[in-house]
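Q: Pasting a structure below so you can have a look.
The values are calculated or read from the model by the stated rules, or taken from the named source; none is laboratory data. Since we're looking at a predicted model, the values are computed, not measured. Backbone-built Cβ (ideal geometry, glycine too); neighbour counts: all protein chains shown. For accessibility, only protein heavy atoms count, side chains too; no ligands or nucleic acids. Shrake-Rupley method; radii C 1.70, N 1.55, O 1.52, S 1.80 Å.
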Amino acid sequence: MAAPSFMFSTLLLLQLLFALLPHHRTLISAADGNWQLLQKSIGISAMHMQLLRNDRVIMFDRTDFGPSNLSLPNGKCRNDPTDTALQVDCTAHSVEYDVLANKFRALTVQTDVWCSSGAIMPDGNLFQTGGFNDGERRVRVFSPCRTCDWNEIPNGLTVKRWYASNHILPDGRQIIVGGRGQFNYEFIPKNIVANKINLPFLSETNDKGIENNLYPFVFLNIDGNLFIFANNRAILFDYVNNIVVKKYPMIPGGKPRSYPSTGSAVLLPLKNLKAAAIEAEVLVCGGAPKGSYLQSLKGTFLVALDTCARIKITDPNPEWVMETMPLARVMGDMILLPNGNVLLINGAGSGTAGWEQGRDPVLSPVLYRPDNNIRSRFETQNPTTIPRMYHSTAVLLRDGRVLVGGSNPHAFYNFTGVPFPTELSLEAFSPAYLDAKFDNLRPTIIAPKSMSGIRYRKKYTIQVAINSNKVDESSMLVTMFAPAFNTHSFSMNQRLLILGNDKVTAVGNSTYNVEATTPRSGNLAPSGFYLLFVVHQGIPSQGIWVKLY
């Protein structure tokens, strides 16, 4: 692929501008990551987050909190006679955050988005589904543009969806799995199947009176089937034929990991993508012991789980392998990083999800290196000063930072008289790979341009600059990341593919061409927008947006 013609100096200037975002205040800085306070208040609590292809992050909480701390523009008000808190509300409950400018603007949601779900469609639009009360059957669409706002589709869902999980499929549809009292699934848009389809696995994993199977962890496996985890076990599910292909063993000990016991999970980075048999692994971390929910209602907060369970979901006879985290964690988030590591962030050390039901905030993130030996995978990072517990969020940004927001352990916006006040701020955690001491190892992508189109099973050349005399060509990797819809400790549709490199060629002036082959099918990577990175000695470049067809 020929490199597009444009001025190298201009691109470097843009990269520098992106890195030097305004108004950041560094709180902690060291080799194990640093924290920046980006906004003291965005007016709402960032309960849900999604990064869009224009480097804007859509955030929202719920409409029945009462008035937020951000007014709607031009005297606009939401008039909703069915709202349970405030029928006429002139404040916002959703914002668009501009990463480059470090600014935000108010958005308008008409119905209650509390505890809803969503994913980015192949065209880059955010399709967001369900919620509470009058929002339970809504589908909401947000298109990436400077002045866009939410568009709502009444009765866009077949049934009420509250605490459901969504995933993009290879055919471009979203599947929506479960929700409170819903032991079934459905699809949007409804161009093939317009009804709900029963999924008995969800009723089998429902703990009566407690649930522990909400926001199920759903991942697209490399064979096109879905790995669905709820409570303490999982299935491999053929959604086309409505058949359970495989039942996985229960996690050793049988302790619950799904909401409200609320652990987190990731599909570990997919690699060796040219192999005849590609392996896929899932990692589930944290959660709460059985009985934690009922005990927390009585004022007793049981210590959270300190274990992770890892399984090769592609093995003929898979078994869970248990690992111990350095910190117990419930309501934590797991974020895939561009270099293939996993960041565990946010959460509490005891209790469960729910109003006033968590204690002992876990302030220190933990880095997990999946390719290390089993006893050397975890590393504790520098702590924040802001508790991020129930209703906190985190998403990966194009520059490699992790945006963190939210935390609202109460029924309303409570800022005083509670153990953990409602949190309206935004922070960014910069992993150690962003430390200035690694600048000479960091690649800068020269070509292709951001927003380029790429096709399946094709070889492409990515041109990078590395200003170092210690370039290790064998360590260069090309990775692709699918930005996730994050809420309630689960990043829906999150995916990282390690394309590796087919060949690296030095072309002079500290410039290198890195050849890599794109995934071979939509089962590995559904069509849509991805962030593409080049990693050198574990240090990632800033990403560029690409559209995979």
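Q: Which condition breaks for P318 when tested against (1) in a loop (DSSP other than H, G, I, E, B); (2) more than 18 Å from the chain's Cα centre (by Cα); (3) crowded, with 18+ Cβ neighbours inside 10 Å?
A: So the condition that P318 fails would be (3).
Q: Is there a residue being of a type in the set (V, I, T), part of a strand (DSSP E or B) and modelled with pLDDT of 90 or more anywhere in region 52-66? Even if it seems obvious, please write down each step before you answer.
A: First, the residues of region 52-66 that are of a type in the set (V, I, T): 57-58, 63.
With part of a strand (DSSP E or B) added as a condition, the list becomes 57-58.
Retained after the next criterion (residues that are modelled with pLDDT of 90 or more): 57-58.
Scanning region 52-66, I find at least one residue that is of a type in the set (V, I, T), part of a strand (DSSP E or B) and modelled with pLDDT of 90 or more, so the answer is yes.
Q: Going by the conditions given, is V404 open to solvent by less than 10 Å² (accessible area, probe 1.4 Å) and either aromatic (F, W, Y) or under 30 Å from V282 (Cβ atoms) (or both)? Write out each step before concluding.
A: Working: open to solvent by less than 10 Å² (accessible area, probe 1.4 Å): yes; either aromatic (F, W, Y) or under 30 Å from V282 (Cβ atoms) (or both): yes.
Yes.
Residue by residue, here is whether (1) part of a loop (DSSP other than H, G, I, E, B); (2) in contact with an Asp or Glu (Cβ under 9 Å, 6 or more places away or on another chain) holds:
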{"residue": "I278", "(1), (2)": "yes, no"}
{"residue": "G287", "(1), (2)": "yes, no"}
{"residue": "L294", "(1), (2)": "no, no"}
{"residue": "L305", "(1), (2)": "yes, no"}
{"residue": "R310", "(1), (2)": "no, yes"}
{"residue": "A353", "(1), (2)": "yes, no"}
{"residue": "E356", "(1), (2)": "yes, no"}
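Q: Right, G340: part of a loop (DSSP other than H, G, I, E, B), open to solvent by 40 Å² or more (accessible area, probe 1.4 Å) and either within 26 Å of N493 (Cβ to Cβ) or free of Cβ contacts under 8 Å to residues at least 40 places away in the same chain (or both) or not?
A: Numbers: part of a loop (DSSP other than H, G, I, E, B): yes; open to solvent by 40 Å² or more (accessible area, probe 1.4 Å): no; either within 26 Å of N493 (Cβ to Cβ) or free of Cβ contacts under 8 Å to residues at least 40 places away in the same chain (or both): yes.
So G340 does not fit the description; no.
Q: Need pairs with beta-carbon distance below 7 Å; first residue in contact (Cβ under 8 Å) with a residue 60 or more places away in the chain and within region 400-418, second open to solvent by 10 Å² or more (accessible area, probe 1.4 Å) and of a type in the set (D, E); sequence gap 6+ or separate chains.
A: Sorted first by the residue in region 400-418, then by its partner, the pairs are G406/E423; S407/E423; N408/E423.
Q: Now, a different point. When G135 is evaluated against the numbered criteria (1) under 23 Å from L38 (Cβ atoms); (2) buried (at least 23 other Cβ atoms within 10 Å of the Cβ), which criterion, by number, is the only one it fails?
A: (1)
Q: Would you mention how many residues in region 201-213 are in contact with a strand residue (DSSP E or B) (Cβ under 6 Å, 6 or more places away or on another chain) and either of a type in the set (F, W, Y) or in contact (Cβ under 8 Å) with a residue 60 or more places away in the chain (or both)?
A: Within region 201-213, residues that are in contact with a strand residue (DSSP E or B) (Cβ under 6 Å, 6 or more places away or on another chain) and either of a type in the set (F, W, Y) or in contact (Cβ under 8 Å) with a residue 60 or more places away in the chain (or both) number 1.
Q: Turning to a different aspect of this structure: Output the residue which, of all residues in region 351-378 that are hydroxyl-bearing (S, T, Y) and buried (at least 22 other Cβ atoms within 10 Å of the Cβ), is nearest to H48 (Cα to Cα). Working first, answer last.
A: Kept after step one, since they are hydroxyl-bearing (S, T, Y), are these residues of region 351-378: 352, 364, 368, 376.
Restricting the remaining residues to those that are buried (at least 22 other Cβ atoms within 10 Å of the Cβ) gives 352, 368.
Numbers: T352: 19, Y368: 24 Å.
Across region 351-378, the extreme among qualifying residues is T352.
Q: Residues in region 242-266 that are open to solvent by 10 Å² or more (accessible area, probe 1.4 Å), closer than 13 Å to R310 by Cβ and among the basic types (K, R): how many?
A: Matching residues across region 242-266 total 0.
Residue by residue, here is whether (1) at pLDDT 95 or above; (2) touching a helix residue (DSSP H, G or I) at 6+ places or on another chain (Cβ under 8 Å); (3) open to solvent by 30 Å² or more (accessible area, probe 1.4 Å); (4) of a type outside the set (K, R) holds:
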| site | (1), (2), (3), (4) |
| --- | --- |
| K449 | no, no, yes, no |
| R455 | yes, no, yes, no |
| K458 | yes, no, yes, no |
| V464 | yes, no, no, yes |
| N467 | no, yes, yes, yes |
| R495 | yes, no, no, no |
| G500 | no, no, no, yes |
| N509 | no, no, yes, yes |
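Q: Quick one: is F429 more than 21 Å from G66 (Cα to Cα), open to solvent by less than 50 Å² (accessible area, probe 1.4 Å) and touching a residue at least 24 places away in the same chain (Cβ under 8 Å)?
A: Working: more than 21 Å from G66 (Cα to Cα): yes; open to solvent by less than 50 Å² (accessible area, probe 1.4 Å): yes; touching a residue at least 24 places away in the same chain (Cβ under 8 Å): yes.
Yes; evaluated as a whole, the condition is true for this residue.
Q: Going through P144, P170 one at a time, which residue ends up being touching a residue at least 60 places away in the same chain (Cβ under 8 Å), at negative phi, open to solvent by 40 Å² or more (accessible area, probe 1.4 Å) and within 20 Å of the chain's Cα centre (by Cα)?
A: Values: P144 fails: open to solvent by 40 Å² or more (accessible area, probe 1.4 Å).
The conditions single out P170.
Q: Based on what the data block shows, is I175 aliphatic (A, V, I, L, M) and open to solvent by 40 Å² or more (accessible area, probe 1.4 Å)?
A: On the way: aliphatic (A, V, I, L, M): yes; open to solvent by 40 Å² or more (accessible area, probe 1.4 Å): no.
No.
Q: Please name all residue pairs, on different chains or six or more residues apart, with Cβ atoms under 7 Å, provided the first residue is in region 529-546 and is under 19 Å from R369 (Cα atoms) and buried (at least 24 other Cβ atoms within 10 Å of the Cβ) and the second residue is of a type in the set (G, A, S) and modelled with pLDDT of 95 or more.
A: Sorted first by the residue in region 529-546, then by its partner, the pairs are F533/S541; F533/G543; V534/S541; H536/S475; P540/G400.
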